[in-house]
Structures are given as C-alpha cells and as structure tokens.
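**Q** Next up is a structure, given as structure tokens.
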Amino acid sequence: MEISTLSCFRPFVLKTTEYVSPNKPSTWGPEMPMALHGHCFVKINASLAYLIGGLSKEDIAVSWTWYYDISKESWQIGPDLPEARMNAPCGLLLDIVIGTEIVVVVGGRQGPDKPIQRLKA
C-alpha cells in the first residue's frame, strides 16, 4: 500500500455514511473502513460497490480500495491503486473490446499541492 504523508491533522474527517432518499428521512449507513475525505465511491452492480483512495484524517493520501457488499453491509480490502490519490473522479465504463465493465479512476491529486500528471485506467 502506498502512502504520501502531508502536514496537517483533520480530526473532523468522518467514517460514517448516510442513506438519503427523496421520499423518507435520511438514515445512518455503514461505517467506512477508515475516516476519509476526497475519496471516490462507485456502484459496480446491484450487490457491489467500490471505495477508492482519498485522504485520511491525518492528511495521508492512500492508494487503498475496498469492496462494499451491499446486501451483507460488509467491507473487504480490494486491490491497491498504482499510486495514492485524492479528489479523483471514478466511474464504471464498458470495455467494448473485451465486453466487460471496468472501473476507471481519472486524475485527482496526491495531496493538496501534488496534482497527478498521468491518466490511469
């Protein structure tokens, strides 16, 4: 796992999630594996989502990913990114050559003063 150390501590970074619905009050969701901000969350299918990268409350950029099993409400460690990143948009794309959906993480930063110079897929 790759970590980039930055210089600040942010005790207000949350580990909690909420379910938001237009038709009923918001409710608490599952806790994330760790407190993060600047991460990406993408739904893969009806039962699986990915939590990708981000910055910890100690302002450490992480290259970690986690799978979230929606039906079991449980987390599992996923593969590491090639480099730590925060504020990187991600999405699910169809690779028409192999006919499979893939998660793509685009750009972002390695910290507040460290933009990422390459596109990763």
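The values are calculated or read from the model by the stated rules, or taken from the named source; none is laboratory data. This one's a predicted model, so the numbers in the text were calculated from it and none came from an experiment. FYI the Cβ positions are ideal-geometry reconstructions off the backbone, even for glycines, and counts take in every protein chain you see.
**Q** Does the range 107-120 contain at least one residue that is among the aliphatic types (A, V, I, L, M) and at pLDDT 90 or above?
**A** No - not one qualifying residue is present in the range 107-120.
**Q** Which of the strands (runs of 3 or more DSSP E) found entirely inside the range 7-85 contain at least 1 residues meeting this: touching a residue at least 40 places away in the same chain (Cβ under 8 Å) and in contact with a Pro (Cβ under 9 Å, 6 or more places away or on another chain)?
**A** Strands (runs of 3 or more DSSP E) meeting the threshold: 40-45, 74-77.
**Q** So in the range 79-102, with the set limited to residues that are of a type in the set (A, V, I, L, M) and within 11 Å of Val62 (Cα to Cα), which one is nearest to the chain's Cα centre (by Cα)?
**A** Met86
**Q** OK, next. Kindly provide the set of residues from the range 28-78 that are of a type in the set (Asp, Glu) and either surrounded by 18 or more Cβ atoms within 10 Å (Cβ to Cβ) or over 16 Å from Thr16 (Cβ atoms) (or both), ordered by number.
**A** Glu58, Asp59, Asp69
**Q** Of everything in the range 52-67 that's over 15 Å from Pro82 (Cα atoms) and within 11 Å of the chain's Cα centre (by Cα), which residue is modelled with the highest pLDDT?
**A** Residue satisfying both the conditions and the ranking: Tyr67.
**Q** Please specify each residue of the range 86-114 satisfying the condition of being free of Cβ contacts under 8 Å to residues at least 24 places away in the same chain and not in a loop (DSSP other than H, G, I, E, B).
**A** Across the range 86-114, the qualifying residues are Leu93, Leu94, Asp95, Thr100, Ile102, Val104.
**Q** Being of a type in the set (S, T, N, Q), in contact with a strand residue (DSSP E or B) (Cβ under 7 Å, 6 or more places away or on another chain) and modelled with pLDDT of 90 or more, is that true of even one residue in the range 78-98?
**A** Within the range 78-98, one or more residues are of a type in the set (S, T, N, Q), in contact with a strand residue (DSSP E or B) (Cβ under 7 Å, 6 or more places away or on another chain) and modelled with pLDDT of 90 or more.
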